[in-house]
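Report on the structure given below.
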Amino acid sequence: MAFAITQTCCNDATCVAVCPVNCIHPTPAERAFGSTEMLHIDPKTCIDCGACADACPVDAVFPVDRLPDGLREYARLNSAYFEPGGPGGTERAPETTDTGPNFHAWGAPAFDRVLPPDFGPLRVAIVGTGPAGMYAAKDLLLHTRAEVTLIDRLPVAGGLVRYGVAPDHAATRKVGETFARFHTHPRVRMYLGLDVGTDITAEELAAHHDAVVYAVGAATDRRLGIPGEDRPGCVSATTFVAWYNAHPEVAPDAVDLSAERVVVVGNGNVALDVARILVTDPEALAGTQIAGHALAELRRSKVREVVVLGRRGPQDAAYTRSELLALKHLPGVDLLIDDHDPRIGTTIDAATPRDKAAVLRGLPRESVDWSVPPDAGGRPRRIVFRFLSAPVAVCGDEDARALRVTGGTGEREIPAGLVLRAVGYRGVPQAGLPFDEATWTVPNERGRVTGRPGTYVVGWSKRGPSGGIGANRACAAETVGSLLADAVAGTLTPAAGGPRAFRRLVRRRRR
Ligand SMILES: Cc1cc2nc3c(=O)[nH]c(=O)nc-3n(C[C@H](O)[C@H](O)[C@H](O)COP(=O)(O)OP(=O)(O)OC[C@H]3O[C@@H](n4cnc5c(N)ncnc54)[C@H](O)[C@@H]3O)c2cc1C
Ligand SMILES: NC(=O)c1ccc[n+]([C@@H]2O[C@H](COP(=O)([O-])OP(=O)(O)OC[C@H]3O[C@@H](n4cnc5c(N)ncnc54)[C@H](OP(=O)(O)O)[C@@H]3O)[C@@H](O)[C@H]2O)c1
Ligand code: SF4
Ligand code: SF4
């Protein structure tokens, strides 16, 4: 027997540090870590101690013989990673061994500069309580004596863990509980419902702290730039996701599910999230943290078919294998590939087991006749994957009626009463910070904001809107490492006002 890592793995590498025999790969010291979709356990060296399963914040690790239905394939996916020719069979960090004890050489201590013992506690403000802000807070609280001011503009902490992660990903949302343990840490003061830039200025915040870390994420959606995009019925996934997660700034009636066909533009994990929520039996969502108004609308929903539109081929999709695999196990939902271009079938047939396109093998393919209504013949709800097809225009008199798309035989219209744009998130300028309009990020060097000493950035506002929850852990370690190095080098300007003065300032502004 052995353990196996499954769908919800968010690559935070917590398990790597606790495994006594170093059988979880890639580790953060291995090159493949930067591009892997999940970590894998080598069944040949796993000693079944269970430490990884206990440590995993998102319940992604199971003994192979107790893998739930729908996750069984992960036993094979884990072992295939280590087979000769597989990624784990070829590349290992030079300092790791296959069977020797794991001295956690990859990550401990996280900071190469240790604050001198006579160094007074730093006062650090962290703006944003999503994963990036919380990993930075954890690092500061666990590795230094810093006092941390946590700030979020929303009344509930958590960032996208609370308002982005899909409600049926209950295990993933559990990571929020791990973060929440630090909200009440004795060296933390938390201010929710406080917008930096509106309620207080960046300068005021900086004056009351030795350093400020911005972890403000990427708040808005990317646009398609096609005619008709602003018609009612063409909605961004940012809005749709916030709607089903009860985001306080999205109205309960922001989404209308009276159409039978929905087109989701984009091939990322967010596109799969929204497609899955649209076709899942609402009763299966009833026990989750889904917003009440969304559950009611899903119960009334007329949606029979969701078309997932990718402008590139099945091998280039941005979604992860694990999220695609999960769709295959959705009860009562058919999957279909629109065979409108012969290159699609050829790519899937030629895919090796390691290729992303291989997950689509075995699914029915058909050249879809879009004039046939989605509920024809009382067939089950279905998701249709249409690759190699880009959006051209949202058509309609007033509301969206169809999406015009490119394809193998030229342009055509797919009738749809709702078009969801899931083409990525986008950062917005943060008052008091520089902003790079090309990458929608805060210009920085290893987390140090360009031209703003004592100011740092982490997470999606540092790297752009890409990467799962765990990717923010290494990102935070780098930023906090820069901050501590600057503290040791004496380049931080000490806080002018203390915690009480800051609390008084906040109280005045909230009146
Ligand atoms: C729809 C969706 C689903 C996802 N699902 C998963 C998943 O299942 N598994 C996974 O591994 N990853 C998932 N991710 C990715 C993951 O959520 C991100 O990697 C992560 O949230 C980025 O962290 P962050 O802290 O940089 O940003 P965020 O989580 O966005 O946090 C930013 C925080 O800053 C606050 N803020 C912004 N501006 C201000 C201001 N001016 N003043 C005060 N506070 C401010 C915001 O309110 C927010 O709380 C998902 C992403 C999306 C979009
Ligand atoms: N379960 C999970 O683990 C989970 C869930 C949700 C999100 N996340 C993570 O969060 C991050 C953001 O996800 P995301 O889905 O928002 O973004 P993403 O991964 O960047 O995917 C964006 C998709 O939109 C497509 N696209 C962009 N512009 C387009 C255009 N003009 N027309 C048509 N298609 C266009 C892209 O295609 P091209 O590739 O051709 O550019 C890509 O398929 C990702 O790292 C994701 O893995 C993880
Ligand atoms: S069960 Fe123990 S030996 Fe096996 S991968 Fe997990 S921590 Fe390592
Ligand atoms: S989420 Fe983290 S702890 Fe859990 S399996 Fe993935 S890398 Fe390991």
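The values are calculated or read from the model by the stated rules, or taken from the named source; none is laboratory data. All figures in this text were calculated on a predicted structure; none of them were measured in a lab. Quick reminder, even Gly has a Cβ in these numbers, built from the backbone with ideal geometry, and neighbours come from all protein chains shown. Please note that ligands, DNA and RNA were not included when accessible areas were found on the heavy atoms of the full protein model with its side chains. Shrake-Rupley method; radii C 1.70, N 1.55, O 1.52, S 1.80 Å.
Using the structure shown, list the pairs from K328/K356; K174/K302; K44/K174; K302/K328 with a Cα-Cα distance above 24 Å, or answer none.
Pairs exceeding 24 Å: K174/K302; K44/K174.
Quick check: net charge around D316, other residues with Cβ under 13 Å of its Cβ, Lys/Arg +1 and Asp/Glu -1?
Taking every other residue near D316 into account, the sum is +3.
Answer rounded, prolate or oblate for the range 3-89, using the Cα gyration tensor with square roots of eigenvalues a ≥ b ≥ c: rounded when a/c is under 1.5, else prolate when a/b is larger than b/c, else oblate.
Note, shape of the range 3-89 comes out rounded.
Mind listing the lone cysteines of the chain, meaning no other Cys beta-carbon sits under 4.7 Å from theirs?
Isolated Cys, the chain: C9, C10, C19, C23, C46, C49, C56, C234, C395, C475.
What value, in deg cm²/dmol to 500, does the helix sum -39500 (n - 2.57) over DSSP H runs of n ≥ 4 give at 222 nm once divided by the residues of the chain?
Computed mean residue ellipticity for the chain: -7000 deg cm²/dmol.
Using just the alpha carbons, could you tell me how many Å³ per residue the convex hull of the range 374-511 encloses?
Here the figure is 247 Å³ per residue.
Quick check on the chain: of the DSSP beta bridges with both residues there, what percent are antiparallel, nearest 5%?
That works out to approximately 30 percent antiparallel.
By how many degrees, between 0 and 90 and to the nearest 10, does the Cα long axis of helix 471-489 differ from the longest principal axis of the chain?
The answer is roughly 20 degrees.
At 1.4 Å probe size, what's the solvent-accessible area of R276? Round to the nearest 10 Å².
Counting only protein heavy atoms, the figure is 10 Å².
How much net charge surrounds F3 when only other residues with a Cβ under 12 Å from its Cβ are counted (Lys, Arg +1; Asp, Glu -1)?
Once all neighbours under 12 Å are counted, the net charge is -3.
Using only Cα atoms, find the angle between the long axis of helix 499-510 and the longest principal axis of the chain, and express it within 0 to 90 degrees, rounded to the nearest 10.
40
Across bins of 10 angstrom width beginning at 0, how are the C-alpha pair distances of the range 223-424 distributed, in whole percent?
Spelled out per bin, shortest first, that is 9, 38, 38, 14, 1.
Simple spin-label model, 7 Å along Cα-to-Cβ: R446 to C49 in nm?
Calculated label separation equals 3.2 nm.
Which whole-angstrom value gives the distance between the alpha carbon centres of the range 291-329 and the range 185-202?
36
Using only alpha carbons, build the gyration tensor for the chain and give me the equivalent ellipsoid semi-axes, biggest first, whole Å.
40, 30, 20
Report the semi-axes of the equivalent ellipsoid for the range 181-256 in whole Å, largest first, where each axis is √(5λ) for an eigenvalue λ of the Cα gyration tensor.
34, 17, 11
From the protein chains alone at 1.4 Å, what is the descending order of accessible area for H247, H143, largest first?
Ranked list, largest accessible area first: H143, H247.
Which percent, nearest 5, of DSSP beta bridges in the range 223-424 are antiparallel?
25
Pop out the carbon and sulfur fraction of the accessible area of the range 223-424 as a percent, whole number, probe 1.4 Å.
Here carbon and sulfur together make up 49 percent of the probe-accessible area.
Per-residue HN-Hα couplings for the range 368-375, Karplus 6.51 cos²θ - 1.76 cosθ + 1.60 at θ = phi - 60°, whole Hz, x for Gly and Pro?
Each residue's phi maps through the Karplus curve to give 6, 8, 6, 7, 7, x, x, 9 Hz.
Note down the net charge around T346, summing +1 for each Lys or Arg and -1 for each Asp or Glu among other residues with Cβ under 12 Å from its Cβ.
Net local charge, T346 excluded: -1.
Roughly how many whole Å is it from the C-alpha centroid of the range 28-64 to that of the range 459-511?
Going from one Cα centre to the other spans 30 Å.
How high is the relative contact order of the range 1-73? Use alpha-carbon pairs under 8 Å, at least six apart in sequence, and give a whole percent.
That works out to 46 percent.
For E445, what accessible area in Å² do you get when you roll a 1.4 Å probe over the heavy atoms of the protein chains, rounding to the nearest 10?
That residue has around 120 Å² of solvent-accessible surface.
Tell me, what is the percent relative contact order of the chain, built from C-alpha pairs under 8 Å that lie six or more residues apart?
Relative contact order for the chain comes out at 18 percent.
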